[in-house]
Amino acid sequence: MTEIAISEPISRSADKALISAYLKGNEYAFEILVNRYQDKLVNYLSRLIHDYDMAVDLAQEAFIRVYRNANRYQGKYQFSTWLYRIGTNLAIDEIRRRERKGRFFFYNVTGRFQGGDETHRLPDLRYSPERSLARDEKLERLQKAIDSLPQNYRLAFILKEVQELSYLELSTILSISLGTVKSRVHRAKMLLREKLSGVL
């Protein structure tokens with residue numbers, strides 16, 4: 001059985017080798033994949049559904065699906081892209097389930113979004129209680145603005161601007177064309193700028 005040293009740095013190109021090793025019976029190879037991506041996936045899902053505990057459950061389900069269907073992985077794109085696609089589909093199902101139940105959630109956003117070539121950040125106002133309150137109100141408005149975006153725009157925006165994935169990765173994860181991905185991200189930014197006029 002192929003041995004894989006966990007202390008060695010594992011490049012993205014090694015993911016395919018890890019999947020191959022797992023399919024040949026090396027359970028340790030799968031553990032390495034889980035250790036490498038678990039925290040990133042949980043954080044991403046938590047941003048989508050604003051529920052950390054549920055995000056942990058969805059991430060676990062995503063890895064279970066990978067475990068059971070590893071033979072379906074196609075090496076033409078990154079393993080992380082495949083994993084995020086599975087996680088995104090699970091999150092969408094959870095969001096729809098909650099919407100049917102009439103529950104609404106806000107995204108846990110870092111307080112950052114980009115418009116054009118300029119990066120906008122909420123100012124650091126920690127030293128004044130009054131200004132801290134104003135900052136919190138701005139963050140709440142930002143959260144509400146992102147939450148109010150149509151689902152297809154929300155997903156594209158969070159994947160691109162919060163998770164910082166490439167347009168090509170988004171195209172694969174969301175199963176849409178590259179042009180559509182860019183259009184959705186751009187449209188999400190425009191909508192946010194309209195909703196947050198005078199706030200940022």
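Quick one: length gained pulling Arg72 to Leu168 fully straight, 0.36 nm per residue minus the C-alpha distance?
Gain in length upon complete extension: 32.5 nm.
I need the GluC sites (Glu not before Pro) found in region 138-181, filtered to DSSP loop residues with at most 15 other beta carbons within 10 Å of theirs.
Glu164
With contacts defined as alpha carbon pairs under 8 Å and 6 or more residues apart, what's the relative contact order of region 9-105 in percent?
Normalised by residue count, the contact order of region 9-105 is 29 percent.
Calculate, axis by axis, the spread of Cα positions in region 9-105 along the three principal axes, and write the results as whole Å, longest axis first.
45, 24, 22
What percent of all Cα-Cα pairs in region 157-200 falls in each 10 Å bin, counting up from 0?
Spelled out bin by bin, region 157-200 gives 29, 49, 19, 4 percent.
None of the figures in this text is laboratory data; all of them are computed from the coordinates on show. Note that the structure is a prediction, hence the values are computed from the model and not measured. Cβ sites come from the backbone with ideal geometry, for glycine too, and all protein chains shown count toward neighbours.
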